[in-house]
Amino acid sequence: MSAYFDLMGFAGTGWGFDMLRATAVTLAVALAGFGVGAIFGMLSAAASLSPVSTLRHLADGYTTTLRGIPDLLVIYLFYFGGSTVITQLGHLFGAEGFVSAPVFLTGALAIGVVSGAYQAEVFRGAVLALSRGEIEAAKAYGMGPFLRFRRIILPQAARFAIPGLGNVWQLVLKESALISVVGLVELMRQAQIGAGSTRKPFTFFLTAGLLYLLISLVSGAAFRVAEARAMRGIRRAS
Amino acid sequence: MNIFDVSFFAENFVALCRGIPLTLQLTLLSVTSGAVFAIVLASFRLSGNQVLDGLARGYIFVFRGTPLLVQLYIIYYGLSQFPELRKSFAWPFLREAYWCASLALCLNTAAYSAEIIRGGVIAVPLGQIEAAKAYGMGGLTLLRRIIAPQAFRLMLPAYSNELILVVKSTALASTITMMEVTGIAAKLISATYRPVEIFIAAGAIYLLLNFSITRLLRLLEYRLSRDRRPHQAATGEHA
C-alpha cells in the first residue's frame, strides 16, 4: 500500500501531479465535447421537429449513422481528415511533410459530433414532453416562434432534458478515453505513459479507472442536484 | 486530389470486409458469455440476499462507470504485472489479444445486460406470478413457464440496443492489435492518408451489421408476441 502511495503520490518521483493534470485534461476535453454536442444536438432536434421533411430526414440520418458507427472510427476520421487538410494547407505555405491536427480540438469535435446524435434524441424527447396547451396558449398571446422558443419551450425543455443529459455526459466522459489513441495526454494516455516508464501497468490503469469512477460519481451527484432544483416547480403524481 | 475516389473506395471496401469475421466472432463470443454472466448477476440482484445484491451492485457500478478502454488495458497490459499470473494456467489465454478483448467485452456487457434482464423480470406483472402460485407452481416451474418467457420478450428492445453497443465496442480491440474492421481501417488510413473513403466504407459495414441485428431482434420480438398482437381490424388507425 505504501509503495502505491510512493508511486502515485505528490512527493519526489510520485506520479500524482501528472495523473491529476491528465484528469483535468480529460474533464476539459469531455466538457468541450459535451458542449459541441449540445449545439449539434439542438440543431438536429430542431430539424427533426421541423415541418420540412428534408430537414427531418437529414436529422434522422445524422442520429442513426453516428449512433451506429464506432466512436473510434469517428475520432480517426477527424484526426486524419483534419491532418490531411492542414498538411495540404501547410504545403501551400511551404511547410514540409506531415502536419498533425491539434489533438484536443479534433478530439473534442469528434466526441461532440457523436454525442450530438445522442443529445438530439434527449432534446427531442424533452420538447415533446411539453404540453401542447402551453404552446397553443403562447400562440394565442401572439408570441412569434423565437419568443415562444425563448420564453416557453427552452426553459421547460431544459428541465425535462436534465436526466437524459446526465446519461449522455457519462457516455461522453467514458468516450473521451478513446482520444488517447491519437495522442492527447488525457488520463488514459498519461496512464499508458506511466505504465511504460515504471512497468507497473496494472497500478496505473487501475488508478485511471478509479479517477474515472470518481468523476462519474461526482458528476452524477451534480446532475441529481440540478434535477431536483429544476423540478422544484413541477407537480408530479406520486 | 479529389475528395472521393470511387475505385479507391471499392478496393478498400473489399479489404475492410476481411475484418468482418473477426468483428462478428468477438461480438458473438462476448455476447453469449456475457449473457450467461449477466443472468448470474441479475439473479444476485433479485435474490433478496443483501450480500449478493451488494456484490452485483458493486460490480455493475464499477464496470458501467469506467471506460471500456481502461478495462481492456487492465486485462491486456495490467495483468502482466503479476508474476504469479504469468506462471499460471490462464496465461496462455491472457497473453492473447483475442481472449483479452473477448474477456473485457464479456465482463463489460454483462454489467449492462444484468440490469436489462433485471428490468425484464421486474416488468412481469405481479398478477401473473400470483396466479401461477395459486395454481401451485413454485420455484423452477414458475420461472420456466411464467417469468422467463415474458421477461425475455420484455427485455428484447433494450437488449438489441446493448447488442449494437457491443458491435461498436469491438472496435476497441483494434487498440490491442486486433485486425477487425476498425483495425484494418486504422491501418489503411495511416498508410494512405485518405480517411474519407475508408471511413465511409468501414462505417457502412458497421451500419449494415447493426441494421441486420436490430431487424433480426425485431423479428424475434414480433414472433414472440403473437398472443399480444391486437386483431388486424382493431389496429388500422393507431398503428
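Since every read-out is calculated from the coordinates, none of them should be taken as a lab result. Predicted model, so just to flag it, every value in this text is computed and none were measured. Methodologically, a virtual Cβ is constructed for each residue, glycine included, from the backbone with ideal geometry; neighbour enumeration extends over all protein chains shown.
With only alpha-carbon atoms in the gyration tensor, what are the semi-axes of the equivalent ellipsoid for chain A, in Å, largest first?
Working: eigenvalues 307, 137, 33 Å².
Output for chain A: semi-axes of 39, 26, 13 Å.
For n ≥ 4 DSSP H runs only, could you compute -39500 (n - 2.57) per run for chain B, divide by its residues and tell me the 222 nm figure to the nearest 500?
Estimated from H runs of four or more residues: -24000 deg cm²/dmol.
Can you put A:Val172, B:Val51, A:Val25 in order of Cβ neighbours within 10 angstrom, beginning with the fewest?
B:Val51, A:Val25, A:Val172
What is the helix-to-structure angle for B:6-17, meaning the angle in degrees between its Cα long axis and the longest Cα principal axis of chain B, kept from 0 to 90 and rounded to the nearest 10?
The two axes meet at around 50 degrees.
Most exposed first by the Cβ proxy, i.e. fewest other Cβ within 10 Å, how do B:Tyr98, B:Tyr159, A:Tyr76 rank?
The order, fewest Cβ neighbours first, is B:Tyr98, B:Tyr159, A:Tyr76.
Quickly work out the B:Glu84-to-A:Ile193 label distance, labels modelled 7 Å from Cα along the C-beta direction, and quote it in nm with one decimal.
Spacing of the two 7 Å Cα→Cβ label points: 3.3 nm.
Quantify how strongly other chains surround peptide A:73-79 by giving the mean number of their Cβ atoms within 10 Å of each of its Cβ atoms.
6
Would you compute the Debye intensity of region B:104-231 from its alpha-carbon atoms alone, equal scatterers and no solvent, and pass along log10 I(q)/I(0) at q = 0.11 Å⁻¹ to two decimals?
For the requested q values the scattering log ratios are -0.57.
Please label the shape of region A:165-224 as rounded, prolate or oblate, based on the square roots a ≥ b ≥ c of the eigenvalues of the alpha-carbon gyration tensor (a/c under 1.5 means rounded; beyond that, a/b larger than b/c means prolate, else oblate). Intermediate results must be reported in sequence, preceding the final value.
Working: a/c = 3.91, a/b = 1.83, b/c = 2.14.
Note, shape of region A:165-224 comes out oblate.
Could you check the simple spin-label distance between B:Leu220 and B:Asn161, using points 7 Å along Cα→Cβ, in nm with one decimal?
1.7
Per residue of A:204-213, how many C-beta atoms from partner chains lie within 10 Å of its own C-beta, taken as a mean?
Values: counts 5, 13, 6, 1, 6, 11, 4, 2, 5, 6.
Taking all residues of A:204-213 together, the mean is 6.
I'd like to compare A:123-131, A:215-223: which one has the highest average count of other Cβ atoms within 10 Å, and what's the full order after that?
Details: A:123-131: 17.0, A:215-223: 14.7.
So the peptides A:123-131, A:215-223, ranked by packing, come out A:123-131, A:215-223.
Going from the alpha-carbon gyration tensor of region B:18-109, what semi-axes, largest first and in whole Å, does one get by taking the root of 5 times each eigenvalue? Could the numbers behind the result be given before it?
Working: eigenvalues 126, 66, 29 Å².
Equivalent-ellipsoid dimensions as semi-axes: 25, 18, 12 Å.
Take the Cα atoms of region B:6-225, build their convex hull, and give its volume per residue in Å³.
Roughly 147 Å³ of hull volume per residue.
How high is the relative contact order of region A:2-230, in percent, counting Cα pairs under 8 Å that sit 6 or more residues apart?
Dividing the mean separation by the residue count of region A:2-230 yields 25 percent.
Please report B:Met155, A:Met42 as a ranked list, fewest other C-beta atoms within 10 angstrom at the top and most at the bottom. Write out the running numbers ahead of the final one.
Numbers: B:Met155 22, A:Met42 19.
Least to most surrounded, the residues fall as A:Met42, B:Met155.
Could you tell me the ratio Rg/Rh of the protein assembly as shown? Both radii from Cα atoms, Rh via Kirkwood.
Numbers: Rg = 24.7 Å, Rh = 24.9 Å.
Taking Rh as the inverse mean 1/r over Cα pairs, Rg/Rh reads 0.99.
If I require 18 Å or longer along the helix axis, counting alpha carbons, and a Kyte-Doolittle average no lower than -1.0, what helices from chain A are left? Use full DSSP H segments.
Length and hydropathy pass: A:16-48, A:53-68, A:71-92, A:103-128, A:154-175, A:201-230.
What number, in percent, do you get for the relative contact order of chain B if the mean sequence gap of Cα pairs under 8 Å and at least 6 apart is divided by its residue count?
Averaging sequence separation for qualifying contacts and normalising by length gives 29 percent for chain B.
Going by alpha carbons, how many degrees (0 to 90, nearest 10) lie between the helix axis of B:50-65 and the longest principal axis of chain B?
Helix B:50-65 sits roughly 30 degrees off the main axis of chain B.
List the aspartates and glutamates whose alpha-carbon lies under 18 Å from that of B:Lys87, not counting same-chain residues fewer than 8 positions away?
B:Lys87 reaches B:Glu96.
Putting +1 on Lys and Arg Cβ atoms and -1 on Asp and Glu Cβ atoms, find which of A:Leu184, A:Leu210, A:Thr106 reaches farthest to the positive end of the dipole of chain A.
Of the listed residues, the answer is A:Leu210.
For A:Lys174, which lysines qualify as cross-link partners when the Cα separation must be under 18 Å and same-chain residues fewer than eight apart are set aside?
Cross-link targets: B:Lys168.
When you have a sec, figure out the Kirkwood radius of region A:69-134 from all distinct Cα pair distances and drop it here in Å to one decimal?
By the Kirkwood definition, the hydrodynamic radius is 14.2 Å.
Quick one: compute the contact order of region B:1-120, relative version, from alpha carbon pairs under 8 angstrom and 6+ residues apart, as a percent. Numbers along the way, then the final one.
Working: 93 pairs, mean separation 49.7, N = 120.
For region B:1-120, the relative contact order is 41 percent.
Using a simple charge model, +1 on the beta-carbon of Lys and Arg, -1 on the beta-carbon of Asp and Glu, nothing else, what dipole does the protein assembly as shown show about its Cα centre, in debye to the nearest 20?
For this selection, approximately 1360 debye.
Report, in whole Å, the centroid distance computed from the Cα atoms of region A:23-69 and region A:184-238.
22
Calculated from DSSP H runs of 4 or more alone, at -39500 (n - 2.57) each and per residue, what is the 222 nm mean residue ellipticity of chain A, nearest 500? Write down the numbers at each step before the final one.
Working: 10 runs with 181 residues, N = 238.
Here the helix-only value at 222 nm equals -26000 deg cm²/dmol.
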